[in-house]
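Let me begin by presenting the structure, written as structure tokens, before commenting on it.
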Amino acid sequence: MTAGTKFAAIGTTAHVLVTRPETLPAAGTILRWFIGELDLACSRFRDDSALSELNRTGSATHPLLAKAVEVALRAAADTDGLVDPALGTYMVTLGYDRTFAEVPREAAVSVTIDPPVGQAWRDIRIAGDTVTVPQGITVDLGATAKAWAADVAARRIAAETGAGVLVNLGGDIAVAGPAPDDGWSVRVTADHASDEGGQVIAIDSGGLATSSVTVRSWRRGDKRLHHVLNPMTGLPAAGIWRYATVSAATCVAANTASTAALVLGDRAPDWLAARRLPARLVATGGAVTTVAEWPEEES
Amino acid sequence: MAQRLNPAARDSAVGRVRMITTGVVALGLAGTMGLGFTIAEQVKADKAAKAQAQVTEDTTEVAQEEQLPQDQVPQAQVPQEQVPQEQVPQGQATPRQTPRKQATPGTTTPAPKPKPTPKPPVTSSGGS
């Protein structure tokens, strides 16, 4: 028997489930506390966050921010920059300059973007708890911080309570501890808030993440924009895939790969297969491509 | 189903988390220092024994100060399984590897394979 609690946090929903219901209060407390700390360190949308200070001044000292930036830089290195934390300026120019609930979904203005020069993320430095960025670089940890937080929180809660734990932060799922019999059943779909469509699968360890171009999308002029940017152009990745779901040993590895898949477009299946990452890619027309032993859909 | 915590239970849980974190960090540090000290002492003892043997063979040789070059000192290491893999930083600087030398956690271990299931979903993975 499992028990869970769900609440709004960091512009999305947080959901924690445990295999021992009596541990749920502690699990919820730990998750709320950790998300609060994460928000204070890594939010791009609150002036008092360490990340805002970093983007304003070029330097900030905060242990949690330093760790989150380190994780983001590893993701960038692992993907040769496909998942780039230094594209914050482009995100702001495109209109995603406040918490997404407040971003106007339509505006008559058109946006002009000059392609990024080089891979600016390589110039981000971490020394101890201090992060420094070159002038003009805005860091955006949206691609990795949430998934990493799910990993950390799940492990923490499992260690604290001894229960099997699933933490879902806006669709980024990490599990830890002993899973229920037959695993945790999870629907993979375009929108984590949806109760229909997609496919239901079971996982018992690691992480599962889905990146989608349909949920956080808006229009500027005649262009439909979304939040997964191509680091080569500074523009939203071409919409070959509507969403991509990846299973990996950790949630942050899964999220890194699912984000990279959207950027890679038609090269994504080979890229994922080479890394033996089970994945399910859904094209804009609805066709499903599975990779690396992702289970077939039951008719 | 959401459950409300009373403030005392919440504070208690937070307190436990902090206490455990502090304990793990303290134990890790103590273990590292203890192991380092033990190894250093062992190295010294071995060196002293060798030096003693040399003195016996050649009494004219001046005994050298027992000092092991830094690059030969075994680095005290707490076994990996004793080190918390993801510590929430608590405000103190911790040694950190250069990001480009270390892979994203989870990329070097095999990915778990999802399985088909007839069970209804307990949660959803999707865009947010």
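The values are calculated or read from the model by the stated rules, or taken from the named source; none is laboratory data. All figures in this text were calculated on a predicted structure; none of them were measured in a lab. All Cβ positions, even for glycine, are placed from backbone atoms using ideal geometry, and neighbour counts span all protein chains on display. Quick note on the areas: whole protein, heavy atoms, side chains included, nothing else; ligands and nucleic acids left out. Shrake-Rupley method; radii C 1.70, N 1.55, O 1.52, S 1.80 Å.
Say whether the condition of being within 10 Å of another protein chain (Cβ to nearest Cβ), at negative phi, hydrophobic (A, V, I, L, M, F, W, C) and touching an Asp or Glu at 6+ places or on another chain (Cβ under 8 Å) is met by at least one residue in the range A:180-193.
Within the range A:180-193, the first condition is being within 10 Å of another protein chain (Cβ to nearest Cβ), and the residues that meet it are A:180-193.
Of the ones still in play, those that are also at negative phi are A:180-181, A:184-193.
If we keep only those that are hydrophobic (A, V, I, L, M, F, W, C) as well, we get A:184, A:186, A:188, A:190, A:193.
When the remaining residues are screened for being touching an Asp or Glu at 6+ places or on another chain (Cβ under 8 Å), the result is A:184.
Checking the range A:180-193: at least one residue is within 10 Å of another protein chain (Cβ to nearest Cβ), at negative phi, hydrophobic (A, V, I, L, M, F, W, C) and touching an Asp or Glu at 6+ places or on another chain (Cβ under 8 Å).
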Open item on the list: So A:V92 passes all but one of these: (1) in contact (Cβ under 8 Å) with a residue 24 or more places away in the chain; (2) assigned to a loop (DSSP other than H, G, I, E, B). Which condition number does it fail?
Closed with: (2)
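Looking only at the range A:216-229, filter to residues that are assigned to a strand (DSSP E or B) and not hydrophobic (A, V, I, L, M, F, W, C); which one of those is surrounded by the fewest Cβ atoms within 10 Å (Cβ to Cβ)?
Of the residues in the range A:216-229, the ones assigned to a strand (DSSP E or B) are A:217-220, A:223-226, A:229.
Narrowing further to those that are not hydrophobic (A, V, I, L, M, F, W, C): A:217, A:219-220, A:223-224, A:226.
Numbers: A:S217: 19, A:R219: 14, A:R220: 17, A:K223: 12, A:R224: 14, A:H226: 21.
By that ranking, first place goes to A:K223.
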Open item on the list: Quick check on the range A:230-275: of everything there that is within 15 Å of A:G81 (Cα to Cα) and of a type in the set (V, I, T), which residue is most open to solvent (accessible area, probe 1.4 Å)?
Closed with: A:T233
Open item on the list: For the range A:278-299, give me the residue count where each residue is part of a loop (DSSP other than H, G, I, E, B) and open to solvent by less than 20 Å² (accessible area, probe 1.4 Å).
Closed with: 3
Task: Selection within the range A:8-56 - over 30 Å from A:G136 (Cα atoms) and of a type in the set (S, T, Y) - done: A:T13, A:T19, A:T23, A:T29
Open item on the list: The conditions are (1) under 20 Å from the mean Cα position of the chain (by Cα); (2) free of Cβ contacts under 8 Å to residues at least 12 places away in the same chain; (3) closer than 25 Å to B:A111 by Cα, and A:G197 fails exactly one of them. Which is it?
Closed with: (1)
Task: In the range A:157-167, the residues that are of a type in the set (A, V, I, L, M, F, W, C), part of a helix (DSSP H, G or I) and more than 9 Å from chain B (Cβ to nearest Cβ) - done: A:I157, A:A158
TODO: Of the conditions (1) open to solvent by 30 Å² or more (accessible area, probe 1.4 Å); (2) out of contact with any helix residue (DSSP H, G or I) (no Cβ under 8 Å at 6 or more places or on another chain); (3) more than 9 Å from chain B (Cβ to nearest Cβ), A:R32 clears all except one; give me its number.
DONE: (3)
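Determine, yes or no, whether A:S185 is out of contact with any helix residue (DSSP H, G or I) (no Cβ under 9 Å at 6 or more places or on another chain) and open to solvent by less than 30 Å² (accessible area, probe 1.4 Å).
Working: out of contact with any helix residue (DSSP H, G or I) (no Cβ under 9 Å at 6 or more places or on another chain): yes; open to solvent by less than 30 Å² (accessible area, probe 1.4 Å): yes.
For A:S185, the condition - out of contact with any helix residue (DSSP H, G or I) (no Cβ under 9 Å at 6 or more places or on another chain) and open to solvent by less than 30 Å² (accessible area, probe 1.4 Å) - is met.
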Task: Where A:D114 falls short, out of the listed (1) in a loop (DSSP other than H, G, I, E, B); (2) among the acidic types (D, E); (3) open to solvent by less than 40 Å² (accessible area, probe 1.4 Å) - done: (3)
Open item on the list: If A:G197 meets every condition in (1) in a loop (DSSP other than H, G, I, E, B); (2) in contact with a helix residue (DSSP H, G or I) (Cβ under 6 Å, 6 or more places away or on another chain); (3) open to solvent by 30 Å² or more (accessible area, probe 1.4 Å) apart from one, which number is that one?
Closed with: (2)
Task: Qualifying position, being within 24 Å of A:N255 (Cβ to Cβ) and either open to solvent by less than 50 Å² (accessible area, probe 1.4 Å) or assigned to a loop (DSSP other than H, G, I, E, B) (or both), among A:A101, A:A86 - done: A:A86
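Those residues that are more than 20 Å from the chain's Cα centre (by Cα) and either surrounded by 23 or more Cβ atoms within 10 Å (Cβ to Cβ) or more than 10 Å from chain B (Cβ to nearest Cβ) (or both), I need them from the range A:130-156; list them, please. Before you say what the answer is, go through the steps one by one.
Our first condition is that a residue be more than 20 Å from the chain's Cα centre (by Cα); within the range A:130-156, this holds for A:130-137.
Selection gives A:V131, A:T132, A:V133, A:P134, A:Q135, A:G136, A:I137.
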Open item on the list: Could you tell me how many of the residues in the range A:42-80 are open to solvent by less than 10 Å² (accessible area, probe 1.4 Å), over 16 Å from the mean Cα position of the chain (by Cα) and more than 22 Å from A:Q135 (Cβ to Cβ)?
Closed with: 1
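Taking the range A:205-215 on its own, how many of its residues are assigned to a loop (DSSP other than H, G, I, E, B) and either more than 7 Å from chain B (Cβ to nearest Cβ) or surrounded by 24 or more Cβ atoms within 10 Å (Cβ to Cβ) (or both)?
Taking the range A:205-215 and keeping what is assigned to a loop (DSSP other than H, G, I, E, B), we get A:205-206, A:213-215.
Now narrow it down to the ones that are either more than 7 Å from chain B (Cβ to nearest Cβ) or surrounded by 24 or more Cβ atoms within 10 Å (Cβ to Cβ) (or both): A:206, A:213.
Residues meeting the conditions: 2.
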